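Below: the structure, in structure tokens.
Rule-based calculations on the coordinates, nothing more; no lab input. As the structure is a prediction and not an experimental result, all values here were calculated from the model. Don't worry about glycine lacking a Cβ; one is built from the backbone with ideal geometry, like all the others, and counts go over all protein chains shown.
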Amino acid sequence: MQAKPSMKICCLGAGYVGGPTMAMIAAKCPHIEVRVVDPNAARIAAWNSENLPVYEPGLYEVVQSARGRNLFFSTDVEGAIRISDIIFVSVGTPTKTYGVGAGQAADLRYIELAARTIAKVAEGPKIIVEKSTIPVKTAEAILTILRSNSRNGQFQVLSNPEFLAEGTAIADLQAPDRVLIGGESTPEGQAAVEALASIYATWVPRDRILTTNLWSSELSKLVANAFLAQRISSINSISALCEATGADVDEVAHAIGRDSRIGPKFLKASVGFGGSCFQKDILNLTYLCKHFGLPEVASYWESVVRMNDWQKSRFAARIVNDLFNTVTGKRIAVLGFAFKKDTNDTRETAAISVCRDLLAEGAKVVVYDPKVSAEEIRKDVLGDQQNPNLEIATSALAACADTHAIAVLTEWDEFKTLDFDAILKVMHKPAFVFDGRNILPHQKLSAMGFRVHAIGKPAHPLKQA
Ligand code: NAD
Ligand code: UGA
């Protein structure tokens, strides 16, 4: 099937992936009608408003360029399936919290429900595209559900994992390192691969569109995330050694990154990686390894998550330790709550674990984040509980008032240029700064009188010869 002028496509799931990805296709391909559908009416209403549910630089402009022309957001899931030639599935695949594989395996209930809905409604030929990150061999399960439940549908299932990162989603979609498409090796499978490839080829150079078999494509997504997360855990493990020895982790990262075989990216030591995917995808990978009888491989990848958990708790413990071994009753400002800058996403953010650890020690924690709502922060840290020791501030300066320490947990640009003279005046002395992102001017702050602790930095830098 070729990308014909009247082609209609839809996407089940209007989340962080479905919304931006489909908006980019619609913006680049005015000849294709794109529907993004989701049963979550509030989310769809937000996509149709000025206030999009996902904060992402440049996203609003892309949405606005196509919305109402060839890009539509609606809750009519079945209607969209019925009229579409290509159906993307971009529903969540969180870690399973119950039954067999709880805490590790991917929860595929949303994928299965999507497949069953497609099977019920579809008539004629349809290409189903797995956009969600799923375990290897999920395409087989989807095909079995489709083919055994549909009366008139003819289906091809493709794997087309998404590699965008939040905060840079629009740049990533605009100029991806690669687009990966996996399909069956049959003539029908290859025709489906070409139909999807021809959509991306509207703006992505052909040599960046990689085609593989289904299982390679599905597995490559999990492996890409595992390798990225492994680099962060590796440099974070070295950050602890730097603190113990007097080496500087940024200098070490720079030195090793100059080796072209290692490369400079993803070597920024931090309070720990967050985000909805790294942990869940590694746990999913380890579950698969165990399932296929490879416990050594599972344990190798599991250690990446263990190191990340340790880094988060090590950071909170360092705060308690430096504040004379007690934070009970002390106010601590947490600057940044999102799992990285330029997103309002807080899923698995390191800030949740650091805030909880500090609250458990009896601290009063005051959080400020430029894009995350107070309601979200409370829900993430406390769940259904109440705790008056958690406060939310509306500016960084307000958060720092009357505190003993500041902890920077997200690398928002605005934190780099804060008025530290003003901040020092409103803090208790000695005033501590714990930079979990290594973005602040440490020497300047030390000279001003702050006691600075940064990830992987010597406590008392050696005087340069
Ligand atoms: P999300 O939770 O933000 O969005 C998923 C949406 O799917 C929800 O709004 C939900 O209501 C909807 N949904 C559930 N069942 C549905 C159905 N039957 N029909 C229509 N809609 C349905 O999730 P996300 O962050 O967009 O991630 C989606 C997938 O993409 C996951 O598998 C994730 O691993 C993968 N992924 C995410 C990112 C990212 O940056 N967030 C990047 C690459 C890949
Ligand atoms: C990651 C991958 O980068 C994407 O390719 C992938 O598509 C996506 O997961 C997914 O599957 O969901 P994302 O989680 O949005 O993207 O953001 P990243 O830039 O990868 O950052 C993840 C976490 O690692 C953040 O908390 C970030 O602060 C941290 N990080 C990143 C570091 O601590 N150090 C680094 O050097 C890089």
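Under a 5 Å amide H cut-off, with hydrogens placed 1.01 Å from N, Ala106 pairs with Lys96 among residues at least 5 apart or on other chains. Shape class of the stretch 306-465 from the Cα gyration tensor (axes a ≥ b ≥ c, square roots of the eigenvalues): rounded, since a/c falls below 1.5.
Remark on Gly153: its backbone amide H falls under 5 Å from those of Gly124, a criterion applied only to residues 5 or more positions apart or on other chains, H modelled at 1.01 Å from N. Ordered by the number of other Cβ atoms lying within 10 Å of each residue's own Cβ, fewest first, Phe337, Phe315, Phe415 fall into the sequence Phe415, Phe315, Phe337. Take the Cα of Ser373, step 7 Å toward its Cβ, do the same at Ser299, and the gap between the two points is 4.6 nm.
The mean of 1/r over all distinct Cα pairs in the stretch 197-278, once inverted, gives the Kirkwood hydrodynamic radius of 15.3 Å. State whether the stretch 165-224 is rounded, prolate or oblate according to the following rule on the C-alpha gyration tensor (a ≥ b ≥ c being the square roots of its eigenvalues): a/c under 1.5 gives rounded; otherwise a/b larger than b/c gives prolate, and the remaining case gives oblate. Oblate shape, in that a/c is at least 1.5 and b/c is the bigger or equal ratio. For the stretch 392-465, a simple Cβ point-charge model (Lys and Arg +1, Asp and Glu -1, everything else neutral) yields a dipole of about 360 debye relative to the Cα centre. Shown in residue order for the stretch 411-417 are the 3J(HN,Hα) couplings computed by the Karplus curve 6.51 cos²θ - 1.76 cosθ + 1.60 at θ = phi - 60°: 8, 4, 4, 4, 6, 6, 10 Hz (x for Gly and Pro). Among Met24, Met307, Met448, the ranking by other beta carbons within 10 Å of each residue's beta carbon, starting with the fewest, stands as Met448, Met307, Met24. Electrostatic bookkeeping for Ala27 treats Lys and Arg as +1 and Asp and Glu as -1; over the other residues with beta carbon under 10 Å from its beta carbon, the sum is +2. Give me the base-10 log of I(q)/I(0) for the stretch 201-242 at each q in 0.19, 0.31, 0.33 Å⁻¹, Debye formula, one uniform scatterer per Cα, rounded to two decimals. Here log10 of I(q) over I(0) equals -0.71, -0.96, -0.98.
Charged neighbours of Glu243, selected by a Cβ distance under 11 Å, balance to +2 (K, R count +1; D, E count -1).
Each residue of the stretch 327-342 is assigned a 3J(HN,Hα), and the resulting list reads 10, 4, x, 8, 8, 10, 8, 10, 9, x, 10, 4, 6, 6, 6, 6 Hz, derived from the Karplus form 6.51 cos²θ - 1.76 cosθ + 1.60 (θ = phi - 60°), x at Gly and Pro. When you count the other C-beta atoms within 10 angstrom of each residue and take the mean per peptide, 222-230, 122-130 line up highest first as 122-130, 222-230. Here's the list of aspartates and glutamates a cross-link from Lys371 could span, going by alpha-carbon distance under 18 Å and ignoring same-chain residues fewer than 8 apart: Glu50, Glu56, Glu166, Asp342, Asp345, Glu348, Asp380, Glu391, Glu411, Asp413, Glu414.
Rounded to the nearest whole Hz, the Karplus-based 3J(HN,Hα) values (6.51 cos²θ - 1.76 cosθ + 1.60, θ = phi - 60°) of the stretch 179-194 follow the sequence 10, 10, 10, x, x, 6, 7, 5, x, 5, x, 5, 5, 5, 4, 5, with x at glycine and proline. Pairs exceeding 26 Å between alpha-carbon atoms, taken from Lys330/Lys379; Lys312/Lys416; Lys221/Lys265; Lys341/Lys444; Lys340/Lys429: Lys340/Lys429. With r defined as the distance between the Cβ atoms of Gln190 and Phe292 and R0 fixed at 30 Å, what FRET efficiency is calculated, to the nearest 0.05? The formula returns an efficiency of 0.60 here. Excluding Gly449 itself, what net charge comes from residues whose Cβ is under 12 Å from its Cβ, given Lys and Arg +1 and Asp and Glu -1? Net of charged neighbours comes to +3. Peptide packing for 104-117, 37-50 was compared via the average number of neighbouring C-beta atoms within 10 Å per residue; ordered from the highest value, the list is 104-117, 37-50. When a/c is below 1.5 the answer is rounded, else prolate if a/b is larger than b/c, else oblate, so apply that to the stretch 1-78 with a ≥ b ≥ c taken from the square roots of the Cα gyration tensor eigenvalues. Verdict is oblate for the stretch 1-78. Amide H neighbours of Ala363 under 5 Å, at least 5 residues apart or on other chains, H built in the peptide plane: list them. Result for Ala363 returns Gly329. Given their separation in residues at 0.36 nm each and the Cα-Cα distance between them, Lys120 and Arg206 gain 27.4 nm when the chain is fully extended.
The aspartates and glutamates within cross-link reach of Lys120, meaning a Cα-to-Cα straight distance under 19 Å and a gap of 8 or more places when in the same chain, are Asp38, Asp76, Glu78, Asp85, Glu112, Glu130, Glu140. Calculate, in whole percent, how much of the Cα-Cα pair population of the chain lies beyond 34 Å. Value for the chain (Cα pairs over 34 Å): 39 percent.
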